[in-house]
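Right, one structure below, let's go through it.
Computed from the coordinates by the stated procedures, all read-outs in this text should not be read as laboratory data. Note that this is a predicted model, so its numbers are computed, not measured. Cβ atoms come from the backbone with ideal geometry, glycine included; neighbour counts cover every protein chain shown.
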Amino acid sequence: MKELLITTETGRLDQVLGAAFPEYSRSSIKKMLLAGDILVNQAQQKPRYLVKAGDQVSLQEPAPKVLDLVPQNIPLDIVYEDDDVLVVNKPAGMVVHPAPGHPDQTLVNALLYHCPLSQINGTLRPGIVHRIDRDTSGLLMVAKNDQAHRSLAQQLKDKTTSRYYLALVHGVIQEDHGTIDAPLARSPKDRKKQAVVADGRHAVTHFTVLRRYQQYSLIKCQLETGRTHQIRVHLKYIGHPVAGDPVYGPKKTLVGPGQFLHAAELGFTHPVSGKRLTFTAPLPDYFEKTLADLDKESTNL
């Protein structure tokens, strides 16, 4: 049983719980609320309930379910591994965990074949502490046990992890550095997309321009928050969508197996040893080739 005392008015119940218990996904929290596993002042409430100072929230953790996923012998590019954590370099095109339309051949299926995983996130997302999009390549940290999962999730909540991405974007960005601070939520026009929405969740992305081409810029992005599609939506918002992005980019764009977005660096504190670990992953071959082609016509502004 987990307890949470609300000391100030902080908004919707599901959003407050998501911030307080980052080890649970938003959909998991909603299911627990609807099932009565989460009570406010010993009474069941809907996800949109507005919490107020003095509210006492109790969360009864559901019993772990037996995993029904099929382990699959899919090659993994493992950057680091020990008894508690694993860091993997995911290729573009691979879905992280099963979802409607993607029941198998995911990173989770491959990981289950390779090693045991934490079960905090339920039957479909064992071991997964954070995600990157299917068509984004790069580094992910994976928890092998519940203790490691809780530690890594808390680090994400406390913003003590470091995550850097390389992105090739449309247009020539004039500023050398910038910060995009714009709240994100589901698009009111298209529920399958995310968008900058006034009452959305706080989201901040920092960027540095590494190289300028005639019609594109190569930038390094640092996540301060980790919202769904955050980098892609933020860069579209400032008029520089990620090249190759089939959802948020223009129709006329560079061709690749996905958007030109790569999780290049990942840092966190080891949940057992306390040692600070930092890992890097080189750009995929298709990304490197595209940059080499652009280099030939670069104005090097």
Worksheet item: Which of Val70, Ile6, Pro103 sits closest to the plus end of the dipole of the chain, meaning its Cα is farthest towards the positive end, when Lys and Arg get +1 and Asp and Glu get -1 on the C-beta?
Response: Ile6
Worksheet entry | Computed lengthening from Thr228 to Ala35, 0.36 nm per intervening residue step minus Cα-Cα distance | 66.9 nm
Fill in: Extension gain from Lys193 to Asp82, taking 0.36 nm per residue of separation minus the Cα-Cα distance
36.3 nm
Discussion item. With equal scatterers on the alpha carbons only and no solvent term, can you work out the Debye log10 of I(q)/I(0) for the range 106-245 at 0.16, 0.17 1/Å?
Written reply: -0.93, -1.02
Worksheet item: Kirkwood hydrodynamic radius (Cα pairs, Å) of the chain?
Response: 20.6 Å
Discussion item. Quick query: amide H of Glu61 versus all other amide H atoms, modeled in the peptide plane; which residues come in under 5 Å with a sequence gap of 5 or more or a different chain?
Written reply: Lys2
Practice prompt. Just grab the label-to-label distance for Lys296 and Gln105, each label 7 Å out from Cα along the Cβ direction, in nm (one decimal).
Written response: 3.3 nm
Worksheet item: In which sequence would Thr280, Thr10 go, from the one with the fewest C-beta neighbours within 10 Å to the one with the most?
Response: Thr280, Thr10
Response to the item:
The distance between the Cα centres of the range 42-61 and the range 259-301, in whole Å, is 42 Å
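Tell me, in nm to one decimal, what length is gained between Ala43 and Lys275 on full extension, where the rule is 0.36 nm per residue of separation less the Cα-Cα distance?
Length gained between Ala43 and Lys275: 79.3 nm.
When the Cα atoms of the range 201-286 are enclosed in a convex hull and the volume is divided per residue, what value in Å³ results?
134 Å³
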Worksheet entry | Spatially proximal lysines relative to Lys251 (Cα-Cα < 30 Å; intrachain offsets below 8 disregarded) | Lys90, Lys189, Lys192, Lys193, Lys220, Lys236, Lys289, Lys296
Worksheet item: Say each of Arg211 and Gln154 gets a label point 7 Å from the Cα, pointing the same way as Cα to Cβ; how far apart are those two points in nm?
Response: 4.2 nm
Worksheet item: Within the P(r) computed for the range 2-59, what percentage of the Cα pairs occupies the region above 13 Å?
Response: 53 percent
